[in-house]
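Participant: Quick one: this structure, given as structure tokens, is what I'll be asking you about.
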Ligand SMILES: Cc1cc2nc3c(=O)[nH]c(=O)nc-3n(C[C@H](O)[C@H](O)[C@H](O)COP(=O)(O)OP(=O)(O)OC[C@H]3O[C@@H](n4cnc5c(N)ncnc54)[C@H](O)[C@@H]3O)c2cc1C
Ligand code: SF4
């Protein structure tokens, strides 16, 4: 493919994908004095154009025609529940919604902005310390990240300052300072902005959770509670809880996005060039496959172009990163039969279920008010915050009211309480009551990694450029189902304390396979994980390919297993962590940073 | 842009209180044939009937919305991965037919009318409401198949578009007079609750507003 390709002038760094990870890496590399080309397959996007009020807040276009999301007609994945099945194409957007265009999903994400819990970073070690190696179920590939919370702390802090994150700390420099999450580790500094106000449902949930004896806290939100100027000089306005958050560019410039928080500054840098509409086909390697020489892509006119570079950074999103590694021959593909190889191994998702609580009809829950990252959570059953010994499962789940703004089409389609017809007068009565007087509570659980859950290339289906689609082999496992069921019962306790008129606890069912037709979340992870053992990780602890040292791969692909939290705070911290080591070590001594 | 004409026209519907009319705004469909249009009107009227809780799909101009949607790239399958081979599998692995929304309507409506004719000697639109409901329930439960298309595929497409039509911004041709939003208690494009976020328990006093500034 590259033989007849046009060759461009070499640059220092080529970055594949213009989302959070790509924008952070580009900013860092230009700060280090390197020339950077960032290639983004989707169109150019800006908050000024794509977030212009009122045209931008069109629920049909944003949430049901997926205006800002990946163009599946060109490229998708195939999915199956187990390796005996034929995987079939994910033809219509449903279970997960990958982003596309400048800013990536970062333009229209929600904003829940977490740090990874210390125990989750060393989960294998921690579980063995607490419960013994036998506690780990057969077939579960439980691993450590190879990096500690203490090492990452400065980069979590940096990401929060760049994102303008609102929240209340619990502990700063070892001192208890506020009513934040009692299970969260000490921080070097406060959140840059105070927590967002609680919407009514979150307020009721906080009171009830406290009454039951749990430890509620304000969700850390990359939705600015006040006006803010970040360390790059980018400005944010105060969030007005508009309710058009998830799936929308923020017309108030309040939701952190690469487009608001990084790109306005980056685009003025003389060493930086952004090329939109450029779909990268593969990373080019030298003859012995040990060094990347650049990337090949199709430009907006459909021409195949090669961009030579000293360094390639993949930031194309979790599964696109894995696919590009497989298409380029970077790292050994995973073989589930022998549990060998690393690219595609430990593919994970997020184990979320949403329960519903109906309050008295005199109470308006105003579900249309909300911010994507706002709400109240408790972590009493997340991570290693509770004793798993008698429960017999690995993993946990924060529980929260995260009312991002429920709009009319979504409300109509989710309907009334279970048992209500989906149409007709009974549906109408049910949906009106549900919209006006109910609220939603999520168990946002971790999904563990398993030997027979993985990513590889599909043998049959191709994308618009003739390259094989990525194949997902994924199903829910008993360990994770048991975890979900246990935590969802705790939601029942809180709902009772809220004075619920009716409760619908939604739990994962044993034997019910992963359903690609139902929206769950876009928190996909793993597949090219970080670690200290090249036998079980594709990347070293600096997110550098073990095999091709001038390729770094940044994204949730690096998570060895799932976590109860949303991924982006960790992705951003990993980007700053990798960038720090590239800047301080790699640029002067190119070569493996670990080994 | 087609929608703008519809938005102007809706002021006549607003004159009668919501829930008491099931007459749609006069509209000449561009995609649907007269027989298909008759089906669509009849089915919409059953899926969201006018009742004491608010207007039905007809007063909300849901059929017009669906016809207008049929002229968008979405309806030609431009947003779906439509490369073959098309292999059928378990339901939970999702939609696997080669048909775009326009094809689903063509085949689905023909299938529904054929079943109506076989069972009751008339097309769907000519049947009594109870018989129409039976057929819709049958389609919803998958008890029919239209060639290689299970009836659930058509039903789910129809129901999804009906909900979209009743509850999307009127710029798309449905939700006439903001009747869908008013019925639900959704303020539409207000999108500014800075002062409301912590007025716990207070009833939000403002009516709905649309993208074009229409209020209800
Ligand atoms: C609706 C929604 C809500 C979310 N809410 C939250 C939340 O509240 N909290 C949270 O932590 N996370 C949330 N997420 C997840 C969050 O958006 C992602 O974790 C984050 O955007 C990942 O950043 P990234 O840079 O890795 O990937 P992306 O933002 O996806 O960016 C990757 C970019 O690479 C481009 N690309 C892909 N392949 C190629 C190629 N071959 N050539 C060129 N370019 C390519 C893509 O088009 C895309 O623009 C949400 C996601 C969605 C969809
Ligand atoms: S809820 Fe806040 S952060 Fe989200 S889009 Fe609206 S104003 Fe922006």
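Participant: For segment A:413-429, enumerate the residues that are in a helix (DSSP H, G or I) and surrounded by 19 or more Cβ atoms within 10 Å (Cβ to Cβ). Can you show your working first?
Facilitator: So the first thing to find is which residues in segment A:413-429 are in a helix (DSSP H, G or I), and the list is A:413-414, A:424-429.
A:427, A:428 - these are the residues of segment A:413-429 that are in a helix (DSSP H, G or I) and surrounded by 19 or more Cβ atoms within 10 Å (Cβ to Cβ).
Participant: Hey, can you tell me all the residues within segment B:157-193 that are assigned to a loop (DSSP other than H, G, I, E, B) and facing chain A (nearest Cβ under 7 Å)?
Facilitator: The answer is B:168, B:169, B:185, B:186, B:187, B:189, B:191, B:192, B:193.
Participant: Just to check your reading of the model, which residue among A:244, A:217, A:228 is crowded, with 17+ Cβ neighbours inside 10 Å, within 14 Å of chain B (Cβ to nearest Cβ), modelled with pLDDT of 95 or more and over 30 Å from residue A:466 (Cα atoms)?
Facilitator: Criteria check complete, one pass: A:244.
Participant: Just to verify a result, which residue in segment B:45-60, among those that are at the interface with chain A (Cβ under 10 Å from one of its Cβ atoms) and assigned to a helix (DSSP H, G or I), is surrounded by the fewest Cβ atoms within 10 Å (Cβ to Cβ)?
Facilitator: B:46
Participant: For the structure I just gave you, tell me whether residue A:138 is at pLDDT 95 or above, part of a loop (DSSP other than H, G, I, E, B) and surrounded by fewer than 16 Cβ atoms within 10 Å (Cβ to Cβ).
Facilitator: Considered against the rule, which asks whether it is at pLDDT 95 or above, part of a loop (DSSP other than H, G, I, E, B) and surrounded by fewer than 16 Cβ atoms within 10 Å (Cβ to Cβ), residue A:138 comes out as yes.
Participant: When the residues of segment A:541-566 are narrowed to those that are without any contact (Cβ under 8 Å) to a residue 60 or more places away in the chain and assigned to a loop (DSSP other than H, G, I, E, B), which ends up nearest to the chain's Cα centre (by Cα)?
Facilitator: Within segment A:541-566, the match that is nearest to the chain's Cα centre (by Cα) is A:543.
Participant: Would you tally the residues in segment A:500-527 being away from every other protein chain (no Cβ under 13 Å) and either at positive phi or within 19 Å of the chain's Cα centre (by Cα) (or both)? Can you show your working first?
Facilitator: Looking only at segment A:500-527, we keep the residues that are away from every other protein chain (no Cβ under 13 Å), and these are A:500-508, A:510, A:521-527.
Next, from what is left, pick out any that are either at positive phi or within 19 Å of the chain's Cα centre (by Cα) (or both): A:521-527.
Of the residues in that region, 7 qualify.
Participant: Does residue A:478 meet the test of being away from every other protein chain (no Cβ under 14 Å) and surrounded by fewer than 20 Cβ atoms within 10 Å (Cβ to Cβ)?
Facilitator: Details: away from every other protein chain (no Cβ under 14 Å): yes; surrounded by fewer than 20 Cβ atoms within 10 Å (Cβ to Cβ): yes.
It is true that residue A:478 is away from every other protein chain (no Cβ under 14 Å) and surrounded by fewer than 20 Cβ atoms within 10 Å (Cβ to Cβ).
Participant: Just for helices (runs of 4 or more DSSP H) wholly inside segment A:232-349: which have at least 3 residues that are touching a residue at least 12 places away in the same chain (Cβ under 8 Å) and away from ligand 2 (no atom under 16 Å from the Cβ)?
Facilitator: Once the helices (runs of 4 or more DSSP H) in segment A:232-349 are filtered for at least 3 residues that are touching a residue at least 12 places away in the same chain (Cβ under 8 Å) and away from ligand 2 (no atom under 16 Å from the Cβ), what remains is A:263-266, A:318-328.
Participant: Going through segment A:157-207 one residue at a time, which ones are in a strand (DSSP E or B), more than 24 Å from the chain's Cα centre (by Cα) and surrounded by 17 or more Cβ atoms within 10 Å (Cβ to Cβ)?
Facilitator: Across segment A:157-207, there are no qualifying residues.
Participant: Looking at A:404, A:408, which is the one that is more than 16 Å from ligand 2 (Cβ to nearest atom), under 24 Å from residue A:365 (Cα atoms) and either within 14 Å of chain B (Cβ to nearest Cβ) or in contact with a strand residue (DSSP E or B) (Cβ under 6 Å, 6 or more places away or on another chain) (or both)?
Facilitator: None of the other options fit; the residue is A:408.
Participant: Could you tell me how many of the residues in segment A:351-372 are closer than 30 Å to residue B:198 by Cβ, within 16 Å of ligand 1 (Cβ to nearest atom) and more than 14 Å from chain B (Cβ to nearest Cβ)?
Facilitator: Total meeting the criteria: 2.
Residue by residue, here is whether (1) in contact with a helix residue (DSSP H, G or I) (Cβ under 8 Å, 6 or more places away or on another chain); (2) in contact (Cβ under 8 Å) with a residue 24 or more places away in the chain; (3) within 14 Å of chain B (Cβ to nearest Cβ) holds:
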{"residue": "A:28", "(1), (2), (3)": "yes, yes, no"}
{"residue": "A:49", "(1), (2), (3)": "no, no, no"}
{"residue": "A:59", "(1), (2), (3)": "yes, yes, yes"}
{"residue": "A:79", "(1), (2), (3)": "yes, yes, yes"}
{"residue": "A:94", "(1), (2), (3)": "no, yes, yes"}
{"residue": "A:115", "(1), (2), (3)": "yes, yes, no"}
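Participant: So residue A:74 clears everything in (1) more than 12 Å from every other protein chain (Cβ to nearest Cβ); (2) surrounded by fewer than 19 Cβ atoms within 10 Å (Cβ to Cβ); (3) closer than 30 Å to residue A:26 by Cα except one condition, right? Which one?
Facilitator: Status for residue A:74: all satisfied but (1).
Participant: Which residue out of A:472, A:483 is outside any helix (DSSP H, G or I) and touching a residue at least 40 places away in the same chain (Cβ under 8 Å)?
Facilitator: Testing whether each residue is outside any helix (DSSP H, G or I) and touching a residue at least 40 places away in the same chain (Cβ under 8 Å) leaves just A:472.
Participant: Please count how many residues of segment B:111-128 are crowded, with 17+ Cβ neighbours inside 10 Å and touching a strand residue (DSSP E or B) at 6+ places or on another chain (Cβ under 9 Å).
Facilitator: 3
Participant: Just a yes or no: is a residue in segment B:196-204 at positive phi and either at the interface with another protein chain (Cβ under 8 Å from one of its Cβ atoms) or crowded, with 22+ Cβ neighbours inside 10 Å (or both)?
Facilitator: yes
Participant: Is it the case that residue B:112 is at the interface with another protein chain (Cβ under 8 Å from one of its Cβ atoms), in a helix (DSSP H, G or I) and within 24 Å of residue A:413 (Cα to Cα)?
Facilitator: No, not satisfied.
The values are calculated or read from the model by the stated rules, or taken from the named source; none is laboratory data. These figures come from a predicted structure and were not determined experimentally. With ideal geometry, Cβ positions are generated from the backbone for all residues, glycine too; neighbour counts draw on all protein chains shown.
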